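Novice: The following block contains the structure, expressed as structure tokens.
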Amino acid sequence: MNAPNKPSYAHPLPNPNGEDRRDRAATVRARAEAVSRRAVDPISNGECEAFAYSWPTNFTKGLPHDVKGIVDADAFKLFVEAINGPDFAFEVPLGPENAPGAHRPLGYAEKPSSVKAFSHPANPSVRGWESPLAGHVYNLQGPDAGAVGMAPAPKLGSDELAAEMAEVYAMALLRDVPFTAFETGAADQVIDALNALPWFDAARPVTDAGGAALDGFSEARRAARFVTTTALTPGTLFRGSTPGAQKGPFISQFLLQGTADRSGGSGPENGLIRYGAQQIDQRVEAHEPGTDYMTSWSDWLDVQNGANLKGTGRFGPGRKFLTTPRDIATYVHFDELYQAYLNTCLMLLALGCPADSGLPEMNATGTRDAFATFGGPHILTLVTETATRSLKAVRRQKYNIHLRARPEALGGIATLSKNGHGAVLGAAAQFAADHVKKLEEAEANGFSIMGEIAARNGPTGGGAYPSIAAGRNYLLPMAFPEGSPMHPSYGAGHATVAGSCTTMLKAFFELYSDPAARTPKTLAEIGMTQLMVPTPGGHALVPDTGAESAATLTVEGEIDKIAANIAIARNMAGVHYYADYYDSLRMGERIAIGILQEQLLCYPEPMSLQLTSFDGDALTIRHDGNLAGAPVVEVTDKNGNPVSEDAWFERHVPALVNA
């Protein structure tokens with residue numbers, strides 16, 4: 001009997017396979033290298049050279065200082081050589097010589113004027129510098145740390161730096177005021193005082209240090225203050241630089257609401273986010289209200305000398321939703337940097353927000369579903385992976401380029417200058433005097449920001465050194481006992497990570513109800529039907545009664561807002577300035593776009609992603625599926641004008657090499 005006819009059958013093999021696959025993989029990797037941005041050569045603001053031998057506006061924390069907080073010149077020189085040189089032993093003087101954990105390199109001669117020990121009764125150990133050599137590390141994914149950069153930081157004596165510091169002082173004054181109370185008059189005195197500064201009045205002229213004209217980078221940062229108004233208002237105070245960050249409740253809904261659990265027993269008002277088979281609680285254990293640190297000269301000086309007071313802060317009872325600046329400062333004291341964006345990603349996945357319509361699974365016939373590619377595991381990995389690239393890049397800016405002092409150091413400068421010790425600042429003395437004069441102009445209707453700071457700090461505030469601040473004590477009250485981290489201020493790690501992680505979210509998810517017209521989806525359209533705000537004590541969420549609603553706020557705007565909330569929360573703690581937020585956010589954005597270009601290069605079929613940048617540009621990242629080709633970034637600015645890919649990547653960097 002003849003066997004029935006059977007269809008021919010061959011064992012399945014991928015196409016391409018073997019040598020062809022290897023060759024194509026090599027092509028993709030080579031193209032990924034070609035996609036990387038050109039090398040950049042960012043420049044500092046020049047104060048390290050101009051103020052040499054006192055270096056009051058450069059980062060010196062942890063090095064030996066004298067009783068007036070002036071760094072030892074030999075120690076600073078060794079520090080700069082160590083962070084920029086090829087020797088990774090990092091032999092640098094650390095802390096007062098008699099403090100636990102202090103270090104002295106072979107051949108370093110202790111100065112008689114240096115503080116010999118901490119005055120703190122607990123005799124704390126010395127903190128080490130955080131990843132001071134990370135700027136030398138290379139990447140195998142995304143732009144190299146040397147391919148991105150930032151503009152020079154604002155200068156001492158400029159209207160911009162005076163406004164930045166006045167704002168940080170104002171944040172300290174309002175640290176325990178609920179955000180919901182900003183719009184009911186609780187912040188009016190502070191707002192009026194800040195608006196007395198020319199920087200916060202769009203109609204008034206402003207100058208750089210010494211009366212010089214502003215550069216384009218300072219002008220851009222100032223323009224970002226006036227996205228929706230021409231002066232600070234209760235609705236824009238301490239907000240971010242995008243329209244979305246300035247609309248609706250202060251805190252993003254992605255930092256408050258929860259998602260329904262699988263059994264339907266929990267909802268948005270409970271603040272519990274579904275994370276697989278578990279839940280994440282949006283509430284935090286916040287620092288104790290009314291408790292600030294480093295307001296005496298001895299405490300301030302100990303911290304400048306590297307005293308490790310981490311873990312000594314006090315906490316309020318129970319857990320609460322983010323209600324005050326102190327609450328969100330606590331969040332960014334302990335968060336795992338990408339934490340807020342991981343939570344946002346989980347919320348978008350739980351709400352069923354689809355991936356960008358330009359991705360293949362979204363355009364297939366219905367026979368393909370997303371998971372390993374363009375599904376939950378893909379975006380959850382991407383949104384967290386970009387954080388490591390951001391931290392390496394920002395460390396290069398911090399240590400190797402700008403070396404900017406933290407706001408706490410500027411509080412010391414103002415105190416020295418105000419109390420007749422300005423001469424120790426050397427070439428910076430007159431600029432410091434100009435800075436203090438401008439700070440004191442933040443006054444209206446009998447309320448002075450600096451007067452209030454001095455009153456809260458106390459008339460002397462000197463501690464072991466009462467003569468230093470015997471008149472007006474302008475030290476910056478800090479939210480953390482250890483003050484700022486042990487690395488420079490500019491750029492900001494939290495802000496760079498915020499920029500890169502939120503850019504990943506905006507690109508990956510379809511946030512337009514009409515992608516062709518780029519009509520933004522509202523919160524209501526993805527199932528977040530009610531805006532929520534915390535009750536005054538932060539123990540519950542209740543519906544918001546403001547003018548905006550879930551039908552008017554956009555998903556993209558609330559993602560921009562969470563980036564601003566997290567980054568500016570570091571300013572609320574006293575450890576960063578506005579420029580740190582503004583420029584770092586945009587550098588992080590470019591890091592994410594570079595990673596996405598490489599990602600698209602890996603797929604042998606056409607695809608695209610689109611989003612709106614922090615500057616309002618309409619961005620489309622596109623690849624035609626040709627593995628030998630390069631993904632492109634198409635840019636149209638907020639005024640409808642086309643912008644070249646290179647010009648967009650270079651917008652916030654003042655100098656380039658290989659141009």
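Novice: Output the pairs from Lys116/Lys437; Lys247/Lys320; Lys310/Lys398; Lys561/Lys638; Lys310/Lys392 with a Cα-Cα distance over 27 Å in this structure; if there are none, say none.
Specialist: Lys116/Lys437
Novice: For labels at Asp369 and Glu385 in the simple 7 Å Cα→Cβ model, what's the distance in nm?
Specialist: That separation, rounded to one decimal, is 2.4 nm.
Novice: Note down the magnitude of the dipole of the chain about its Cα centre, charges +1 on Lys and Arg C-beta and -1 on Asp and Glu C-beta and zero elsewhere, to the nearest 20 debye.
Specialist: 780
Novice: Nearest 500 deg cm²/dmol is fine: what mean residue ellipticity at 222 nm does the chain get from its DSSP H runs of n ≥ 4 alone, each adding -39,500 (n - 2.57), divided by its residue count?
Specialist: -10000 deg cm²/dmol
Novice: Further question: Of Ala423, Ile379, Ala350, which is farthest along the charge dipole of the range 315-439 in the positive direction, counting Lys and Arg as +1 and Asp and Glu as -1 at C-beta?
Specialist: Ala423
Novice: Please give, to one decimal in nm, the separation of the simple spin-label points placed at Thr233 and Ser8, each 7 Å out from Cα toward the Cβ.
Specialist: Placing both labels 7 Å beyond Cα along the Cβ direction yields 7.4 nm.
Novice: Determine the gain in length on full extension of the stretch Arg456-Ala50; use 0.36 nm per residue of separation and subtract their C-alpha separation, reporting nm with one decimal.
Specialist: 142.8 nm
Novice: Note down the relative contact order for the range 380-442 as a percent, whole number, built from C-alpha pairs under 8 angstrom at least six residues apart.
Specialist: Relative contact order for the range 380-442 comes out at 21 percent.
Novice: Could I ask something else about it? Assuming R0 = 30 Å, can you tell me the calculated FRET efficiency for the pair Asp176 and Ala547, based on Cβ-Cβ distance, to the nearest 0.05?
Specialist: 0.70
Novice: Determine by what factor the alpha-carbon radius of gyration of the chain differs from 2.2 N^0.38 Å, reporting the quotient.
Specialist: In units of the globular-protein estimate, the chain measures up at 1.01.
Novice: Sorted from fewest to most neighbouring beta carbons within 10 Å, what does the list Met171, Met362 look like?
Specialist: Ranked by crowding around the Cβ, least crowded first: Met362, Met171.
Novice: Along the charge dipole of the chain, pointing to its positive end and built from +1/-1 on Cβ of Lys, Arg, Asp and Glu, which listed residue (Ser158, His487, Ser608) has its Cα farthest out?
Specialist: His487
Novice: Output ³J(HN,Hα) for the range 529-534: one whole-Hz value per residue in order, computed from phi by the Karplus curve 6.51 cos²θ - 1.76 cosθ + 1.60 with θ = phi - 60°, and x for Gly and Pro.
Specialist: So the Karplus estimates, Gly and Pro as x, are 8, 9, 6, 10, 9, x Hz.
Novice: Around Gly85, with a cut-off of 13 angstrom between Cβ atoms, what is the net charge of the other residues, counting Lys and Arg +1 and Asp and Glu -1?
Specialist: -2
Novice: Once you have a ≥ b ≥ c as the square roots of the Cα gyration tensor eigenvalues for the range 90-175, tell me rounded if a/c is under 1.5, and otherwise prolate or oblate according to whether a/b is larger than b/c.
Specialist: Oblate.
Novice: Residue-wise, which Karplus ³J(HN,Hα) couplings in Hz belong to the range 425-440, taking 6.51 cos²θ - 1.76 cosθ + 1.60, θ = phi - 60°, and x for glycine or proline?
Specialist: 7, x, 5, 8, 4, 5, 5, 5, 4, 4, 4, 5, 4, 5, 4, 6
Novice: Taking only C-alpha pairs under 8 Å that are 6+ residues apart, what is the relative contact order of the chain in percent?
Specialist: In percent, rounded to a whole number, it is 21.
Novice: To continue, here is another question. Give me the number: length gained by fully extending Asp261 to Gln430, i.e. 0.36 nm times residue separation minus the C-alpha to C-alpha distance, one decimal in nm.
Specialist: 54.8 nm
Novice: Now a separate question. Can you give the extra length, in nm with one decimal, that the chain gains between Ser644 and Ala202 once fully stretched, where that is 0.36 nm per residue apart less the Cα-Cα distance?
Specialist: Gain on extension, Ser644 to Ala202, equals 156.2 nm.
Novice: Which Cα, out of Gly62, Pro105, Ile621, lies furthest along the positive dipole direction of the chain (beta carbon charges, K/R +1, D/E -1)?
Specialist: Going by the Cα projections, it comes out as Pro105.
Novice: Using a simple spin-label model with points 7 Å from Cα along the Cα→Cβ vector, what separation in nm is obtained for Asp215 and Asp188?
Specialist: Roughly 4.1 nm, to one decimal.
Each reported figure results from applying straightforward, stated rules to the coordinates on display, with no laboratory input. Values in this document were obtained by computation on a predicted structure and should not be read as measured data. As a convention, Cβ positions derive from the backbone with ideal geometry for all residues, glycine included, and neighbour counts pool all protein chains shown.
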